[in-house]
Amino acid sequence: MKKKLISILMAAAMVATVFTGCGGDSGESASKSDNGSVYWLNFKPEADEALQDIAKTYTEQTGVEVKVVTAAEGTYEQTLTSEMDKSNAPTLFVVGNQAAVKTWGDYCLDLEGTKIYEQLSTDDFTLRKDDGTVASIGYCYESFGIIVNKTLLEKAGHSVDEITDFASLKSIADEIHANADTLGFDAFTSSGMDDSSSWRFSGHLANMPLYYESVDDNWTECPAEIKGTYLDLYKNIWDLYTTDCAVDKTSLATGGYDAEAEFMNGEAVFYQNGSWEYPTLSEKLGDDEMCMIPIYCGAEGEENNGLCSGTENCWAVNANADQKDIDATIDFMTWLVTSDEGTKMMTETLGIIPYKAAPDSKNVFLENALEYSEAGKTTIPWTFNYTPNVDEWRAGVVAAMNQYDAGGSWDDVEKAFVDGWATQYKAANQ
């Protein structure tokens, strides 16, 4: 399953990844050993606990200090900028698209020919500088869509097979919402717009209109301007999320909701998120109880869509670090993708990893991605990886969506989406 799905994800994500153009004293480490040390600035908050555990295991086995610092959701770029200014900067960090390569390329060690590079099972997600040297290498591939509690859906009198497009999704969700008091659960989990949740909608949900526009206009690099041709689709699915749920949409801006807990506790049938949720959800829900379906939004031909699959998780090694720390970092990375302990953690926590020694993933949602592809469905690439000045652009979209939820005009969302893109492109390409 691993080889098949990697090939599927490569085909989808190469489009969006290869051509993208667009507190306190945490950076100070303890005294370093003669063998060097590792400082990993982690991009994935949901993986923090597992990474802390594996770092401890590695230190116990080797004596090499490994520090993992996890940036808060939506703050990775700011955190990286701050940490790179410190005397003990990260030795391992994330450079997830070509825009990031432009920003951080001078800090990226050329990984070609290193021990970790030689462990790759594919080079198709490798990001290179303009001179062809390797800036960063993928360390996991993921899929996102709408996660479904099949047991609750069946209690509501429906099955996953009935959902093939937006019309069928909306019909079922409307019915569940109308009968929520009787059923004891609602259609969708909350769509909180605080930093811990808004990325699901300003990033992943925004992928849908961006994808369709990129197909129309044949994007091969980050465009200076976008048209917003398919923002009616964005509105379709957002209105469904925020109407067919137990939460008043005027309260979404303040956040404080826990959609993951709502889903695990059986409070809703549908939950937009990704394959990275599998380790947590599987602790409460059985594999047979949940699955992932595409994000349907009303596009023509969407019944032929599969899941959104790709990566923005690419490792870079700090070329400006001491050589002993560079060596220690590459040794640690290699151990992660070759040892029993490392590969077990990586596949259980992150899903599919593109390395020769990686075991097959047991992630149900990644299996769903494979099933859709094998059925002839189109795997949707991560087109949101094109976004220029991603954090700033998303912040503008979130602010406009909050205004809309409070009774404002959708025109404000379209303006933030389209005009905001042009503004952030100029800022990123001055």
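Here are some notes:
- Being in the same structural domain as GLN61 (by TED's automatic domain parsing) and hydroxyl-bearing (Ser, Thr, Tyr) is not true of THR379.
- Being in contact with a helix residue (DSSP H, G or I) (Cβ under 6 Å, 6 or more places away or on another chain), in the same structural domain as TYR212 (by TED's automatic domain parsing) and modelled with pLDDT of 95 or more is a property that holds for VAL398.
- All conditions in (1) out of contact with any Asp or Glu (no Cβ under 7 Å at 6 or more places or on another chain); (2) outside any loop (DSSP other than H, G, I, E, B); (3) surrounded by 22 or more Cβ atoms within 10 Å (Cβ to Cβ) hold for ALA187, with the sole exception of (1).
- Considering the conditions (1) of a type in the set (A, V, I, L, M); (2) touching a helix residue (DSSP H, G or I) at 6+ places or on another chain (Cβ under 7 Å); (3) surrounded by 17 or more Cβ atoms within 10 Å (Cβ to Cβ), ALA406 is excluded by exactly one of them, (3).
- Criterion applied to ASP174, ASP165, ASP161, ASP181 was being over 24 Å from ASP391 (Cα atoms), charged (D, E, K, R) and buried (at least 16 other Cβ atoms within 10 Å of the Cβ), and the one residue passing it is ASP165.
- Test set (1) buried (at least 19 other Cβ atoms within 10 Å of the Cβ); (2) under 30 Å from ALA206 (Cα atoms) - ALA375 fails condition number: (1)
- When restricted to residues that are surrounded by fewer than 21 Cβ atoms within 10 Å (Cβ to Cβ) and touching a strand residue (DSSP E or B) at 6+ places or on another chain (Cβ under 8 Å), the range 243-266 contains 4.
- ALA422 surrounded by fewer than 23 Cβ atoms within 10 Å (Cβ to Cβ), closer than 28 Å to ALA71 by Cβ and at pLDDT 95 or above: yes
- Candidate set: the range 141-154, residues that are in contact with an Asp or Glu (Cβ under 7 Å, 6 or more places away or on another chain) and assigned to a strand (DSSP E or B); chosen: the one farthest from THR379 (Cα to Cα): ASN149
- Matching residues in the range 155-164 - criterion: being closer than 19 Å to PHE365 by Cα and either in contact with a Cys (Cβ under 7 Å, 6 or more places away or on another chain) or in a helix (DSSP H, G or I) (or both): VAL160, ASP161, GLU162
- Residue list for the range 64-90, filter: part of a helix (DSSP H, G or I) and either more than 25 Å from MET193 (Cα to Cα) or more than 21 Å from the chain's Cα centre (by Cα) (or both): SER82, GLU83, MET84
- Scanning the range 92-140 for residues that are aromatic (Phe, Trp, Tyr) and part of a loop (DSSP other than H, G, I, E, B), we see that the one that is farthest from TRP335 (Cα to Cα) is PHE125.
- TRP219 vs. criteria touching a Ser or Thr at 6+ places or on another chain (Cβ under 9 Å) and surrounded by fewer than 23 Cβ atoms within 10 Å (Cβ to Cβ): yes
The values are calculated or read from the model by the stated rules, or taken from the named source; none is laboratory data. Fair warning: this is a prediction, and the values are worked out from it, not measured in the lab. Please note: Cβ atoms are built from the backbone with ideal geometry, for glycine as well, and neighbour counts cover all protein chains shown.
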